[in-house]
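Presented below is the structure to which this report refers.
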Amino acid sequence: MRSAEYSLAGKRIWVAGHRGLVGSALVRALEREDCTTLTVGRSEVDLRERSQVDRWMRENRPHAIFLAAAKVGGILANDSRPAEFLYENLQIQNNVIDSARKHEVEKLVFLGSSCIYPRMAEQPIKEESLLTGPLEPTNQWYAIAKIAGIKMCQAYRRQYGCDYISVMPTNLYGPNDNFDLQGSHVVPALIRKVHAAKESNAESFELWGTGSPLRDLLYVDDAADGMIFLLKKYSGDEIVNLGSAAEITIVGLAEKIAEVAGYKGRIRFDRSKPDGTPRKIVDVSRLAAMGWEAKVPLEEGLRRAYDWYVQNYANARLDRASGA
Ligand code: GFB
């Protein structure tokens with residue numbers, strides 16, 4: 001494992017995808033660093049368009065980039081919009097990575113996902129499991145795009161000497177998540193459903209699938225902290241997992257969210273919806289050996305995410321919060 005010291009002092013760091021769950025957490029975390037954070041909105045630069053990316057890069061000259069911009073979504077969005085997940089992610093990452101080389105960006109952190117690993121990978125999933133077996137069908141399109149991004153970084157390091165690294169975060173949650181019930185991941189979906197059930201005194205809320213899959217959930221501020229740690233400390237072509245080192249069943253997660261919300265009703269199972277990967281916990285020993293570990297316990301993270309939802313979303317959009 002190659003270590004390196006990359007100082008952020010005086011640097012311009014571009015967070016591509018700054019409005020999203022991870023990008024917004026990176027922006028918050030970078031406020032504590034001695035650097036300038038660059039962001040640009042979608043209406044100004046469409047990252048799927050190479051000429052727009054090049055123009056922005058030429059005019060703003062970032063020293064380093066967090067490539068957090070991506071077409072993302074939960075199990076149903078991935079399963080039902082495969083073309084968008086494959087095409088848009090390939091476009092965004094190809095444009096940003098190659099434009100970064102052209103504009104001599106010093107360092108780039110590419111964000112992958114734990115879904116790049118084989119569906120039946122040995123658990124906890126080690127980085128070496130990549131490309132050792134078939135992918136989970138519900139999100140293979142997104143996974144293939146992310147695997148291409150990893151290979152882009154490795155190829156650019158090998159051929160051009162670019163210091164581009166790839167981090168594989170586990171399932172993330174927190175402020176600025178997507179709470180749209182058809183497109184979201186499990187934590188924001190359950191926060192919204194439980195809150196709506198509580199507000200309307202409903203006797204139950206709905207959970208997709210069997211509730212038995214196991215997931216490794218990391219609070220997004222921890223994830224951003226880990227990514228900045230890697231930007232500063234790591235240089236190498238091996239991918240690095242970023243996870244919580246813990247796992248929980250989906251039904252256990254639903255119970256915890258109900259507890260945080262103070263909701264006492266029942267869980268209703270919609271078994272027509274897919275379970276996806278049966279178990280997905282990443283092995284974090286590579287990152288731990290570098291000296292980093294997650295800090296926010298699940299209960300604390302869920303409490304923060306729930307409070308954020310109630311303050312920023314549910315109260316502002318009461319008309320849409322009816323998903324129980
Ligand atoms: O978070 P999630 O959508 O993504 O679903 P994946 C996790 C588990 O929660 C699945 C169950 O077993 C779902 O069936 N679940 C229960 C629900 N109720 C709900 C609900 O109301 N909404 C949602 N969304 N799930 C994603 C990939 O897979 O993992 C992405 O699709 C990404 O590409 C991400 O890689 C890390 O963990 O199954």
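The values are calculated or read from the model by the stated rules, or taken from the named source; none is laboratory data. Computed from a prediction, not measured in an experiment: that's the story for all the values here. Note that each Cβ is placed from the backbone with ideal geometry, even for glycine, and that neighbours are counted across all protein chains shown. Just so you know, the surface numbers come from the protein's heavy atoms only, side chains and all, with ligands and any DNA or RNA stripped out. Shrake-Rupley method; radii C 1.70, N 1.55, O 1.52, S 1.80 Å.
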Reported set for region 275-297 where residues are crowded, with 17+ Cβ neighbours inside 10 Å and under 27 Å from Leu130 (Cα atoms) is Gly276, Thr277, Arg279, Lys280, Ile281, Val282, Asp283, Val284, Arg286, Leu287, Trp292, Ala294
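Listed here are the residues, each with its yes/no results for (1) within 16 Å of the ligand (Cβ to nearest atom); (2) in a strand (DSSP E or B); (3) of a type in the set (A, V, I, L, M, F, W, C); (4) touching a His at 6+ places or on another chain (Cβ under 7 Å).
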{"position": "Asn89", "(1), (2), (3), (4)": "yes, no, no, no"}
{"position": "Gln93", "(1), (2), (3), (4)": "yes, no, no, no"}
{"position": "Pro118", "(1), (2), (3), (4)": "yes, no, no, no"}
{"position": "Gln123", "(1), (2), (3), (4)": "yes, no, no, no"}
{"position": "Ile147", "(1), (2), (3), (4)": "yes, no, yes, no"}
{"position": "Ala155", "(1), (2), (3), (4)": "no, no, yes, no"}
{"position": "Met168", "(1), (2), (3), (4)": "yes, yes, yes, no"}
Failed item, numbered, when Met290 is tested on (1) under 20 Å from the mean Cα position of the chain (by Cα); (2) within 23 Å of Glu106 (Cα to Cα): (1)
Within the bounds of region 201-213, is there any residue that is away from the ligand (no atom under 12 Å from the Cβ), crowded, with 17+ Cβ neighbours inside 10 Å and of a type outside the set (Val, Ile, Thr)? yes
Given the residues Gly149, Gly133, Gly183, Gly161, which is the only one that is surrounded by 23 or more Cβ atoms within 10 Å (Cβ to Cβ) and of a type outside the set (Val, Ile, Thr)? Gly149
Hey, does region 4-13 have a residue that's crowded, with 18+ Cβ neighbours inside 10 Å and either over 23 Å from the mean Cα position of the chain (by Cα) or of a type in the set (S, T, N, Q) (or both)? yes
Any residue in region 191-211 that's over 26 Å from Thr277 (Cα atoms): show its pairings with residues that are modelled with pLDDT of 95 or more and near the ligand (Cβ under 10 Å from one of its atoms) at Cβ separation under 6 Å, as long as the two are six or more apart or on different chains. Ala197/Phe205
For Glu136, all conditions in the list (1) touching a residue at least 60 places away in the same chain (Cβ under 8 Å); (2) more than 15 Å from the ligand (Cβ to nearest atom) hold save one; what is the number of the exception? (2)
Of all the residues that make up region 125-145, how many are aliphatic (A, V, I, L, M) and assigned to a helix (DSSP H, G or I)? 3
All positions within region 38-62 that are over 26 Å from Asp177 (Cβ atoms) and open to solvent by 40 Å² or more (accessible area, probe 1.4 Å): Glu49, Arg50, Ser51, Gln52, Arg55, Arg58, Glu59, Asn60, Arg61
Among the residues of region 186-200, how many are open to solvent by 30 Å² or more (accessible area, probe 1.4 Å) and more than 8 Å from the ligand (Cβ to nearest atom)? 3
Just to be sure I understand, how many residues within region 23-72 are part of a helix (DSSP H, G or I) and touching a helix residue (DSSP H, G or I) at 6+ places or on another chain (Cβ under 6 Å)? 7
When you go through Lys71, Lys107 one by one, which is the residue that is of a type in the set (D, E, K, R), touching a residue at least 12 places away in the same chain (Cβ under 8 Å) and away from the ligand (no atom under 16 Å from the Cβ)? Lys107
